[in-house]
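The values are calculated or read from the model by the stated rules, or taken from the named source; none is laboratory data. On a predicted model such as this, the values are computed, not experimentally measured, just so you know. With ideal geometry, Cβ positions are generated from the backbone for all residues, glycine too; neighbour counts draw on all protein chains shown.
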Amino acid sequence: MLQLFGYLLIMLAIADFFAANLANINLTYFMGSLSSFSPIILFVSGAILAGTGEKGITDLFEGQDDESFIEEKPKRKRKKKNK
């Protein structure tokens, strides 16, 4: 779901950029003076959300102290007995 929302933000950023530069239409007038930077803000936030994949926002920080990152000790090889 976050990935889809990220792609929608990226599409809105592209539409806002072309509308502002080609047709002089401000799609993000509600942002006030920040509306000149809105394509950048929307694109970056959309790229971050799209990069999360299918994970939720809480899954981004889980597993950082997971035991899977700890290296296991190598197993000792048993010596063969000579008869």
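Criterion applied to Leu42, Leu27, Leu49 was being outside any helix (DSSP H, G or I), under 29 Å from Met1 (Cβ atoms), aliphatic (A, V, I, L, M) and at pLDDT 85 or above, and the one residue passing it is Leu27.
Quick check on Gly32: is it modelled with pLDDT under 90, small (Gly, Ala, Ser) and surrounded by 10 or more Cβ atoms within 10 Å (Cβ to Cβ)? So Gly32 fails the test.
Out of curiosity, is Asp16 among the acidic types (Asp, Glu) and modelled with pLDDT of 70 or more? Judged against the criteria, Asp16 is a match. Scanning the range 35-49 for residues that are of a type in the set (A, V, I, L, M) and crowded, with 16+ Cβ neighbours inside 10 Å yields Ile41, Leu42, Leu49.
Evaluated against (1) modelled with pLDDT under 90; (2) in a helix (DSSP H, G or I), Glu72 falls short on exactly one condition, (2).
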